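Okay, structure first, notes after.
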Amino acid sequence: MPDYGGYDFSVYSMFTLWFLMFFFFICQLTGATLLFTVHLKKRKRFLIRASVSFVCMTILSVGVMYFFLYFGSYYWGYVSIYIIMFLATFACFMSCYNESAWTVMFCCIAGYLTQHPIGKIYRLFRIITGLSGAPWISFACNLCFYAAGLVCIYFIFARRANKNISTKIENRNILFLSVAALIVTIFINNLFDMYARSIVLLDVAGSVLAVFTCIFILSVQSGLLDKSRYRQDMEIMEQLWEEKRKQFDLTKENIDIINIKCHDLKHQLYALRTSEGEISKEAVREIEDAVSFYDSNIKTNNEILDTMLTEKSLYCREHGIKLTCMVDGRKLSYISSADMCSLFGNAIENAIEAVGRVKDPDKRVVSVTSEVRSGMNLIRIVNYFGGKVEFEDGLPVTDKGDKNFHGFGMKSIRAIVEKYGGNLSVSTEDDEFYLNIVLPLP
């Protein structure tokens, strides 16, 4: 809680002072939590949600004030106040950010572990200097300490943590450690606040312990986030190597297909030379089929896209899948080659894999289209599928056994789309799967 320097409040309304005390604590906790939400996705009408949350927190401060009046002298009542305000802050952030509860909880705990040591450092400053006086003096000093503390915590911990906080806190150990740290901090802090403030030495010891404990836990959190990020990077590298291996296998298969077609043509030409001028309709049809195999080349006026789509087309032709493509590659030239291959490669491979399980030959179709409308690139990939598609976090859930390894393709597509400021949506209708990508033109 904020400390007002031991000033005699008898001339002030105690209700007003308690209200300001709790309200200022909530504001401090909110400001500290915001340090860790820089890269989180905001919900629609964020400002309205934030305004409503501010009003609710103000009302909560009034309620906590009356709760403190009746139960604040009891240890469990004092602890309950902190827990109530923390949970209320968590609820407000959940309503404002479109993230998992795990991620928001982690940010709120990190915010508490930021606010708490700053308050304790100010407490030590007041004890050492013997600061006392009007409430506004204590408030101004507290505010200065708080602002300086936020700046330090941001550059030491929060900035680094923001780089590693993804849309989900995948490593649950990080969150469990944070929750345990929060519980210990709240209970020990209130124990010192209620029973040790009258003893200066214990008050100082409790404040120092709280500062070092919170800073240590923030350090451990940052280290675990770094470790989790490195592990995710390694998984991505393994996925990329797996994709390269698959690409090599696909290329080898296409080369084998071409060699077979060339071998068939050699036999057909030999048969023509020995047929004494007579060519059967069946022989002509076989030659036409062999030659038409080379019509699989797709032209989009983008060399990278042409190469990748042609290879997919060759694969589809050999496996009884029809791939149609109407894309102007010139309109996509601002996308890097690596992102282009990953975006279209993952999307088309997913579509081909789904269509490959469809028995009806008329439905073994993959359609790729792109058009420019109102300054936006609209890309759509449509394919038939069999069975049922389940969604999680707006993306289809892989039906493969190893869910930690597979399913990366769709996440990669979404990451690339968001990188270029676009939007990805997937949906199903009857037995058709739609992948829609909207990318703004540069």
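The values are calculated or read from the model by the stated rules, or taken from the named source; none is laboratory data. Here the structure is a predicted model, which is why all the values come from computation and not from measurement. Glycine also receives a Cβ, built like all others from the backbone with ideal geometry; neighbour counts cover every protein chain displayed. Surface areas here come from the heavy atoms of the whole protein model, side chains and all, with no ligands, DNA or RNA. Shrake-Rupley method; radii C 1.70, N 1.55, O 1.52, S 1.80 Å.
Brief remarks on what is shown
- Near Ser95: Cβ cut-off under 10 Å, other residues only, Lys/Arg at +1 and Asp/Glu at -1. The net charge is +2.
- Remark: the stretch 303-319, residue by residue, has Karplus-estimated 3J(HN,Hα) of 4, 4, 5, 4, 4, 5, 5, 4, 4, 5, 5, 4, 5, 4, 4, 6, 9 Hz, where x stands for each Gly or Pro and the curve is 6.51 cos²θ - 1.76 cosθ + 1.60 at θ = phi - 60°.
- Förster radius 30 Å - calculated FRET efficiency between Ser95 and Arg160 (Cβ-Cβ, nearest 0.05): 0.65
- Taking amide H as placed 1.01 Å from N in the peptide plane, the amide H of Tyr384 sits under 5 Å from that of Val365, Phe433, each at least 5 places away or on another chain.
- Theoretical FRET efficiency, 1/(1+(r/R0)^6), r = Cβ-Cβ of Glu392 and Lys363, R0 30 Å, to 0.05: 0.70
- Inter-label distance, nm, simple model (7 Å from Cα along the C-beta direction), Val208/Thr307: 6.5 nm
- With a Förster radius of 41 Å applied to the beta-carbon distance between Arg45 and Glu353, the computed FRET efficiency rounds to 0.60.
- Two-site label geometry, Leu87 and Phe216: point separation in nm, points 7 Å out along Cα→Cβ: 2.9 nm
- Packing here is the average count of other Cβ atoms within 10 Å per residue, and on that basis the peptides 376-382, 349-355, highest first, run 349-355, 376-382.
- Stretchable slack from Phe67 to Arg380, in nm (0.36 nm times residue separation minus alpha-carbon distance): 107.0 nm
- For the residue pairs Lys312/Lys419; Lys44/Lys411; Lys41/Lys120, the C-alpha atoms sit more than 28 angstrom apart in Lys41/Lys120.
- Amide hydrogen neighbours beyond the local backbone of Cys325, cut-off 5 Å, H modeled: Val368
- Taking all protein chains together and a 1.4 Å probe, the residues Ile217, Ile183 rank Ile183, Ile217 from largest to smallest accessible area.
- In this simple spin-label model, placing a label point 7 Å from the Cα along the Cα-to-Cβ direction at both Ile59 and Ser337 gives a separation of 6.0 nm.
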